[in-house]
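Okay, structure first, notes after.
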Amino acid sequence: MPIDIQCVADVRAQVGEGALWDHTYGVLWWVDIPQGLIYAFDPERGDNRVHMFDEPVGCLALHKNPSSAHRQLIVAAKNGFYFYDPPSGKYTPLIDPETDKPEHRFNDGGPDRQGRFWAGSMYQGTDVKTPPGPARFWRLNADGTVTAGPDGYMTTNGLAFSPDGRRMYTAESHKDVQTIWQWDYDIDDGMPSNRQLFFQASAIKGRPDGGTVDADGCYWMAAVDGWQVLRLTPKGAVDRIIDLPVERPSKPMFGGKDLDTLFVTSIQNGITSPQDDAGGLFAITGLGVSGLREAQTSLDFHP
């Protein structure tokens with residue numbers, strides 16, 4: 001079966017990101033960060049519903065609430081973590097772990113295999129001389145508190161977990177770093193340790209942006225500014241390169257009924273040439289591989 005690449009939602013997102021497949025409801029949730037938009041793309045119906053959020057939103061987690069008849073979300077946005085009910089538009093602030101860093105917002109993130117929601121911050125200030133270091137990953141706990149995770153980033157990205165949940169991936173997109181790391185991950189206490197180099201991207205066309213892991217344990221990297229997505233083996237070797245019609249792919253995520261469609265968000269801001277589909281959502285089929293179900297996150301309370 002040949003590989004087929006289609007733009008399935010031509011919305012010209014300024015910064016399309018945060019793709020997360022919802023197996024229960026059969027939709028792909030994704031965001032336009034600076035516009036504060038949360039999308040729900042239904043591949044069976046071909047529609048892309050939009051929900052308004054009142055501030056820039058970086059990434060999402062699926063919230064498990066047995067008493068709700070529809071999907072609810074946990075959102076990591078400009079000013080911290082929120083509980084969000086898409087049909088009503090109601091959102092409830094949970095906690096902001098970086099109130100001392102007004103130049104930061106949340107960026108990339110997602111759940112581990114046990115449903116713990118990890119999200120990373122990023123620097124948005126204008127001081128280009130600021131050295132890497134002020135941003136980090138945070139874990140939202142079930143009781144609404146947070147636990148500090150890996151730090152030393154300018155632009156957190158690439159968060160993903162191996163199929164058994166015992167390896168955690170993080171990336172730095174900053175042009176002076178362009179690196180993906182792997183960590184040993186304790187599935188009992190939910191903390192990473194023993195950081196090791198996984199992939200250094202300076203020799204390829206793009207920088208590491210969002211990532212996901214397939215059922216074979218291979219890591220898929222969006223190569224922002226590189227017009228590509230890459231598949232990396234568990235040993236960090238380039239296994240496949242898929243060329244795309246847009247310069248700035250940002251986040252891959254497997255979805256569809258059989259989890260064998262690779263959805264890829266993209267960015268319109270910062271493109272260097274005219275691209276009709278920049279900022280659109282893409283669906284890649286015919287890859288011959290499938291992904292994994294994303295875990296749902298639970299809180300000990302329901303706002």
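Distance between the C-alpha centres of the range 76-129 and the range 171-236: 21 Å, rounded to the whole angstrom. The loop-placed trypsin sites (Lys or Arg not before Pro) in the range 1-90, going by DSSP, that have at most 12 neighbouring Cβ atoms within 10 Å of their Cβ come out as Arg45. The mean accessible area for residues of the range 78-198, using a 1.4 Å probe and ignoring ligands and nucleic acids, is 42 Å² per residue. For percent of Cα pairs over 23 Å apart, the value computed from the atomic coordinates appears in the list [x] 55; [y] 67; [z] 50 under label [z]. For the range 161-214, averaging the sequence separation of C-alpha pairs within contact (under 8 Å, six or more residues apart) and dividing by the residue count gives a relative contact order of 35 percent. Expressed to the nearest 5 percent, the antiparallel share of DSSP beta bridges inside the chain is 100 percent.
What separates the Cα centres of the range 154-170 and the range 16-51 is a distance of 21 Å. For the chain, lysine pairs separated by 8 or more sequence positions, or belonging to different chains, with Cα-Cα distances below 30 Å total 26. Once the chain from Ala237 to Thr272 is taken as fully extended at 0.36 nm per residue, the excess over their C-alpha distance is 9.7 nm.
The mean sequence distance of close C-alpha pairs (under 8 Å, at least 6 residues apart), as a share of the length of the range 1-159, puts its relative contact order at 13 percent. Over the chain, Cα pairs under 8 Å with separation of 6+ residues give a relative contact order of 19 percent.
The phi-based Karplus calculation (6.51 cos²θ - 1.76 cosθ + 1.60; θ = phi - 60°) puts the 3J(HN,Hα) values of the range 60-75 at 9, 9, 7, 9, 9, 10, x, 8, 9, 8, 9, 6, 10, 10, 9, 10 Hz, whole numbers, x for Gly and Pro. Taking only protein heavy atoms and a 1.4 Å probe, the accessible area of the chain is 48% carbon and sulfur.
The values are calculated or read from the model by the stated rules, or taken from the named source; none is laboratory data. The model shown is predicted, which means the values in this text are computed figures rather than measured ones. A quick note on method: Cβ atoms are made from the backbone with ideal geometry, for glycine too, and the neighbour counts reach across all protein chains shown. Surface areas here come from the heavy atoms of the whole protein model, side chains and all, with no ligands, DNA or RNA. Shrake-Rupley method; radii C 1.70, N 1.55, O 1.52, S 1.80 Å.
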